[in-house]
Structures are given as C-alpha cells and as structure tokens.
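Visitor: Handing you a structure now.
The values are calculated or read from the model by the stated rules, or taken from the named source; none is laboratory data. All of these numbers come straight from a predicted model, not from anything done at the bench. Don't worry about glycine lacking a Cβ; one is built from the backbone with ideal geometry, like all the others, and counts go over all protein chains shown.
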Amino acid sequence: RHLSGPADFRKKLVGTKVLDVVRRGKFLWLPLDSGVSALVGHLGMSGQMLIRTPDYPADNLNRVTIEFETSKGKPLELRFVDQRIFGSLAIDDLVQTRDGGSGGFSAGKNRSKPWQNLIPVSAAHIARDPLDDAFDQDAVVSKMRTKKSGIKRVILDQNLVSGIGNIYADESLWLAKLHFDRSADGISKAKLTELMEISKQVLAAAVKQGGTSFDEQYKNVNGESGYFSQQLYAYGQTDRPCARCQTPIRRQAWANRGSHFCPRCQRPS
C-alpha cells in the first residue's frame, strides 16, 4: 500500500517517465525517471495488472487506473484489478541490492542502466528466485541444509529463495520424490541441489505456458489465462492416480493451506 494516501501517490506519479520493468519473486516494479523511486506492484493472492486501451470495457473489481502513453504516443491504461484486495501499488524508494547484483529480471538486459543494481525498499528483503541469473544455488543449498523445518516450509521462505509458491512447491517436491514435511537438514546436498534444479524447470515451464490459471483471477497483462494447470502432477490432483505409481494422490492440511503428494513415492523419511 502507498501509506501516504492516494493524493500523494498521484502527485509522485503524474508526469513521470517509466524507464524499465523489473521483477523479483512476486514483486514487479517500474523504475521512474526520478532515478530514486519506482512504481511497485504486488499481486497478493488475486491481483492482476492489465494493459488496456482507453476504450476497453471496464474491468470488474478494478481498483486503480493509471493512464500513460507509449514512446510512440499511443494512449494506454494500466489497470490494477484485485478481488481480495491483498495486492498493492505504491511509489517506493530504490536502494542498492544487498549482494551488489541486479535488482531482478529486467525488460532490457543488454543495456547499461543506472537503476540496474537498485531494488525497492519493500522488496529488498526478498531473496532471488531460481530463474534469476544471479541466483547462487550453492549458497542457497548450504543454507537449506541448516534448516530443521520441513522442506516445503524452507523452499517457501522468501528470505531464502523466492518465486516458489504453494503450487510449484508441490510440483517440485513430487518430481524430486520428497515428502513436504521431511526435515531439510536431513536431506543430502545432492538431493537439495536436484530439488533446486527441478524447481527451475518447473518455474520455466510455467512461465512459458503463462502460469497456472484455475479461474478468472489468474491472467497475464493482456488478460489471457495460463495453461500450466494442464500439466500438474500433484497440486489439485487429490484422489487421482500418481503418474509414476498409480497410488492416489493425497491432500493434507498444512499451514492454513494444503500439501498434495503421493504417499508411496514421497515417503516422510
């Protein structure tokens, strides 16, 4: 949320120029030409950032509309749609990244940009995700081996590794044949490295297919649904046969959510 209110949000945004589009984990930010701030978006559970033409019909549950022009003078709108209102938009200060590397994925990787090593204050605590070129897999695996929590809780810790949500955690653990509650410190370095490699593959495949859309809340900036849900092995597959051994997939309540797993392929120890 922009804590200073809508009037201040508008004042800091009107007349500015967007320089880039950058992402880390679930944070998306647009560095502004002030050089010290960015428009920061977080989609929460159900948020959507949609690019529309001004004459496009009104979107249900639209919370914020930002009018802008492209470099060629074409008028467009950025609409922030959110059913549950867990998402947010804000103007935030930019600071140096902790490791000195790039803030995140950028729309213009090959250009030298003064904001490249900057990150919004609100996202500075978020670790890199497995698809990030600067992701230090060996360091992450070493930290994972010190954790006494269940492995699913560990890979969902945004301070350690970002970008892996509940769906992709279940899929990665199924592919790695790891039970979600198995203690991370009891898993070998080789197996944790394999899990991270699998997570990269799962995330890359999901991105390529537009993500995992179960209903109208999950769409890309063009309003299109993703279709990775058609390739899920564990998440949402309760009582369906495991693709490896035909044992029915189970769902177990976990951390106010659910974990999907094969009781035969993914044993607790």
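Visitor: Looking at the stretch 104-126 only, could you name the residues that are of a type in the set (V, I, T) and either at pLDDT below 90 or surrounded by fewer than 18 Cβ atoms within 10 Å (Cβ to Cβ) (or both)?
Guide: Correct list: V121 only.
Visitor: Take the stretch 15-43 and flag every residue that is under 16 Å from V121 (Cβ atoms), among the β-branched types (V, I, T) and not in a loop (DSSP other than H, G, I, E, B).
Guide: V22, V40
Visitor: Do the conditions hold for D129, that is, is it among the charged types (D, E, K, R), at pLDDT below 95, surrounded by 21 or more Cβ atoms within 10 Å (Cβ to Cβ) and on the phi < 0 side of the Ramachandran plot?
Guide: Yes; evaluated as a whole, the condition is true for this residue.
Visitor: While we're looking at this one, here's another question. Name the residues in the stretch 136-194 that are on the phi > 0 side of the Ramachandran plot and in contact with a helix residue (DSSP H, G or I) (Cβ under 8 Å, 6 or more places away or on another chain), would you?
Guide: Matches in the stretch 136-194: G163 only.
Visitor: Something else now. For the stretch 172-180, does any single residue satisfy the condition of being among the aromatic types (F, W, Y), in contact (Cβ under 8 Å) with a residue 60 or more places away in the chain and in a helix (DSSP H, G or I)?
Guide: yes
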